[in-house]
Amino acid sequence: MALLPILEVPDPRLREKSTVVEVFDDNLQHLIDDMFETMYKAPGIGLAAIQVGVAKRLLVIDLQQPEEGGEAKRNPMVFINPELTPEGEEKRLYNEGCLSVPDQYAEVRRPSVINAKWQDRDGNFHEERIEGLLATCLQHEMDHLEGILFIDHLSRLKRGMLMKKLLKERKLREDSY
Ligand code: GNR
Ligand code: NI
């Protein structure tokens, strides 16, 4: 297992379109395990392969929702070659963040319910109706596979302010070292 460096804006690789996974070999299994380790360490609730520099249509999610009783329980999920279709017109707002846009948050409007088709780490096919935070997170990760970041859903004004704040905070951090 290995921690992988997470790419941050404005790295041009985050704008690449990821390509279909065709081979479900040991290399892929190792990449998936490394992505989980990297996501848990960050910490984040999702990670797309392109965020660690691999332009493959692969993403991992663990919402780590507290169980009844309060303990956060791990629930690692792998989505390979996902296809999402919105179900109905209802949208929901969620205050999103992204490990590639560190420490910045903004409300994004996305379909509340989606139909998802995907393959698991063994290449088996699945289809499910998904709602709630999982639907939001899956759409955020799916965007990464197309080279889209959550800030692209904001107005130019909001995106500009957010990027200015990010660059300022990054500079302050660098100067303090
Ligand atoms: O950790 C993450 N939190 C999050 C919060 C709201 C909506 C989406 C996300 S995904 C993000 C991790 C990440 O950058 N995945 O690409
Ligand atoms: Ni992200």
Exposure rank, largest accessible area first [Ser18, Ser155; 1.4 Å]: Ser155, Ser18
When only Cα pairs under 8 Å and 6 or more residues apart are kept, what is the percent relative contact order across the chain? 22 percent
Test of understanding: in a Gaussian network model of the chain with alpha carbons linked when under 10 Å, which of Leu154, Leu58, Leu47 would top the mean-square fluctuation ranking? Leu154
Of the candidates Thr19, Thr38, Thr136, which one comes out as most mobile in a Gaussian network treatment of the chain with C-alpha springs shorter than 10 Å? Thr19
Excluding same-chain residues fewer than 8 positions from Lys41, which lysines have a Cα within less than 21 Å of its Cα? Lys73
At most 15 other Cβ within 10 Å, DSSP loop - trypsin sites (Lys or Arg not before Pro), the range 1-86: Lys17, Lys73, Arg74
Got a sec to turn the phi values of the range 97-102 into Karplus ³J(HN,Hα) couplings, 6.51 cos²θ - 1.76 cosθ + 1.60 with θ = phi - 60°, whole Hz, x for Gly and Pro? x, 8, 4, 8, 10, x
Among Val78, Val113, Val23, which one shows the highest mean-square fluctuation when the chain is modelled as a Gaussian network with alpha-carbon springs under 10 Å? Val23
Can you give me the Kirkwood hydrodynamic radius for the chain, using every pair of distinct Cα atoms, in Å to one decimal? 17.0 Å
Beyond 32 Å between alpha-carbons counts as too far, so tell me which of Lys117/Lys168; Lys91/Lys117; Lys17/Lys164 fall in that bin. Lys117/Lys168
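The values are calculated or read from the model by the stated rules, or taken from the named source; none is laboratory data. Keep in mind that what you see is a predicted model, and the values were worked out from it rather than measured. Because the Cβ atoms are built from the backbone with ideal geometry, glycine has one as well, and the counts that use them run over all protein chains shown. We work out accessible area using only protein heavy atoms, side chains counted, and drop any ligands, DNA or RNA first. Shrake-Rupley method; radii C 1.70, N 1.55, O 1.52, S 1.80 Å.
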